[in-house]
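Read the structure below first, then the notes.
The values are calculated or read from the model by the stated rules, or taken from the named source; none is laboratory data. In this text, all values refer to a predicted model and were calculated from it rather than measured experimentally. Please note: Cβ atoms are built from the backbone with ideal geometry, for glycine as well, and neighbour counts cover all protein chains shown.
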Amino acid sequence: MEAQLATEDEPYFTGIWYNGEIGEFEKYRLWDGEIQILSPDESIVLDTVEYLETGNLIKVKEQAVSNPVKFYQNIVYDLIASIDQEITYMTYQDEISFRYVREHTKIVEAEE
(Lines give C-alpha, C1' and ligand atoms only; values in the text may rest on other atoms or scores of the structure.)
Protein backbone atom coordinates (compact mmCIF):
# COMPACT_ATOMS: atom_id res chain seq x y z
CA MET A 1 0.00 0.00 0.00
CA GLU A 2 1.26 3.45 -0.81
CA ALA A 3 2.36 5.73 2.04
CA GLN A 4 -0.25 8.23 3.11
CA LEU A 5 0.51 11.74 4.33
CA ALA A 6 -0.98 12.83 7.64
CA THR A 7 -3.06 15.96 8.00
CA GLU A 8 -4.33 17.72 11.12
CA ASP A 9 -7.96 16.81 10.40
CA GLU A 10 -7.27 13.12 9.72
CA PRO A 11 -7.83 10.87 12.77
CA TYR A 12 -7.05 7.79 10.65
CA PHE A 13 -3.43 7.81 11.77
CA THR A 14 -4.08 7.97 15.51
CA GLY A 15 -4.86 5.06 17.81
CA ILE A 16 -3.60 1.54 18.45
CA TRP A 17 -2.35 -0.48 15.48
CA TYR A 18 -1.02 -4.00 15.08
CA ASN A 19 2.26 -3.94 13.19
CA GLY A 20 2.38 -7.23 11.30
CA GLU A 21 6.01 -6.68 10.33
CA ILE A 22 7.21 -6.84 13.95
CA GLY A 23 4.21 -8.66 15.49
CA GLU A 24 3.47 -5.99 18.10
CA PHE A 25 0.86 -3.38 18.94
CA GLU A 26 1.88 0.27 18.63
CA LYS A 27 0.20 3.52 19.57
CA TYR A 28 0.27 6.43 17.14
CA ARG A 29 -0.75 10.04 17.58
CA LEU A 30 -0.64 13.08 15.35
CA TRP A 31 1.45 15.83 16.90
CA ASP A 32 2.37 19.07 15.14
CA GLY A 33 1.84 17.56 11.68
CA GLU A 34 3.93 14.47 12.33
CA ILE A 35 2.99 10.99 13.45
CA GLN A 36 4.54 9.89 16.72
CA ILE A 37 5.00 6.25 17.71
CA LEU A 38 4.58 6.00 21.48
CA SER A 39 5.74 3.54 24.11
CA PRO A 40 2.98 1.26 25.47
CA ASP A 41 2.47 3.51 28.51
CA GLU A 42 2.55 6.62 26.26
CA SER A 43 5.38 8.18 28.28
CA ILE A 44 8.07 8.07 25.58
CA VAL A 45 8.02 8.99 21.89
CA LEU A 46 9.84 6.08 20.25
CA ASP A 47 9.91 7.54 16.75
CA THR A 48 8.40 10.31 14.65
CA VAL A 49 7.50 9.86 10.99
CA GLU A 50 6.03 12.16 8.36
CA TYR A 51 3.83 9.45 6.90
CA LEU A 52 2.48 6.10 7.96
CA GLU A 53 3.16 3.11 5.73
CA THR A 54 -0.06 1.18 6.27
CA GLY A 55 0.79 -1.97 4.32
CA ASN A 56 1.61 -4.04 7.41
CA LEU A 57 -0.69 -2.24 9.86
CA ILE A 58 -4.17 -3.25 11.04
CA LYS A 59 -6.03 -0.76 13.22
CA VAL A 60 -7.40 -2.05 16.52
CA LYS A 61 -11.10 -1.24 16.72
CA GLU A 62 -11.90 1.74 18.93
CA GLN A 63 -14.30 -0.26 21.12
CA ALA A 64 -11.54 -2.77 21.87
CA VAL A 65 -9.46 0.09 23.28
CA SER A 66 -12.16 2.18 24.96
CA ASN A 67 -14.38 -0.63 26.31
CA PRO A 68 -12.46 -3.92 26.09
CA VAL A 69 -14.89 -5.89 28.25
CA LYS A 70 -17.87 -4.99 26.04
CA PHE A 71 -15.84 -5.73 22.89
CA TYR A 72 -14.79 -9.11 24.31
CA GLN A 73 -18.41 -9.95 25.20
CA ASN A 74 -19.63 -8.95 21.73
CA ILE A 75 -17.05 -11.14 20.01
CA VAL A 76 -17.81 -14.12 22.25
CA TYR A 77 -21.58 -13.72 21.75
CA ASP A 78 -21.11 -13.41 17.97
CA LEU A 79 -18.95 -16.55 17.90
CA ILE A 80 -21.47 -18.50 19.96
CA ALA A 81 -24.28 -17.37 17.64
CA SER A 82 -22.23 -18.31 14.58
CA ILE A 83 -21.63 -21.82 15.95
CA ASP A 84 -25.40 -22.34 16.12
CA GLN A 85 -25.55 -21.34 12.46
CA GLU A 86 -22.52 -23.52 11.64
CA ILE A 87 -20.55 -20.44 10.60
CA THR A 88 -17.38 -19.63 12.49
CA TYR A 89 -15.96 -16.53 10.87
CA MET A 90 -14.21 -13.50 12.26
CA THR A 91 -12.75 -10.64 10.23
CA TYR A 92 -9.00 -10.12 10.45
CA GLN A 93 -9.53 -6.72 12.11
CA ASP A 94 -11.80 -8.36 14.71
CA GLU A 95 -9.19 -11.05 15.28
CA ILE A 96 -6.44 -8.45 15.80
CA SER A 97 -8.69 -6.38 18.07
CA PHE A 98 -9.63 -9.50 20.05
CA ARG A 99 -5.93 -10.36 20.41
CA TYR A 100 -5.27 -6.82 21.69
CA VAL A 101 -8.01 -7.17 24.31
CA ARG A 102 -6.69 -10.59 25.41
CA GLU A 103 -3.15 -9.25 25.79
CA HIS A 104 -4.04 -5.98 27.51
CA THR A 105 -7.06 -6.81 29.66
CA LYS A 106 -7.36 -9.22 32.55
CA ILE A 107 -10.75 -10.89 32.31
CA VAL A 108 -12.07 -12.68 35.37
CA GLU A 109 -15.32 -14.47 36.04
CA ALA A 110 -17.76 -12.62 38.26
CA GLU A 111 -18.61 -14.25 41.55
CA GLU A 112 -22.29 -14.91 42.12
Cβ-Cβ distance below 6 Å, separation of 6 or more or different chains: which pairs start in the stretch 1-26 with a residue that is assigned to a helix (DSSP H, G or I) and end on one that is at pLDDT 85 or above and surrounded by 13 or more Cβ atoms within 10 Å (Cβ to Cβ)? F13/Y28
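So which residues in the stretch 27-63 are among the basic types (K, R) and free of Cβ contacts under 8 Å to residues at least 24 places away in the same chain, if there are any at all?
Step one: filter the stretch 27-63 for residues among the basic types (K, R), giving 27, 29, 59, 61.
Once the filter is applied, which keeps residues that are among the basic types (K, R) and free of Cβ contacts under 8 Å to residues at least 24 places away in the same chain, the stretch 27-63 yields K27, R29.
In the set S66, S97, which member is of a type in the set (G, A, S), free of Cβ contacts under 8 Å to residues at least 40 places away in the same chain and closer than 22 Å to G23 by Cβ? Write out each step before concluding.
Details: S66 fails: closer than 22 Å to G23 by Cβ.
The match here is S97.
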From the list E95, E112, which residue is among the charged types (D, E, K, R) and assigned to a helix (DSSP H, G or I)? E95
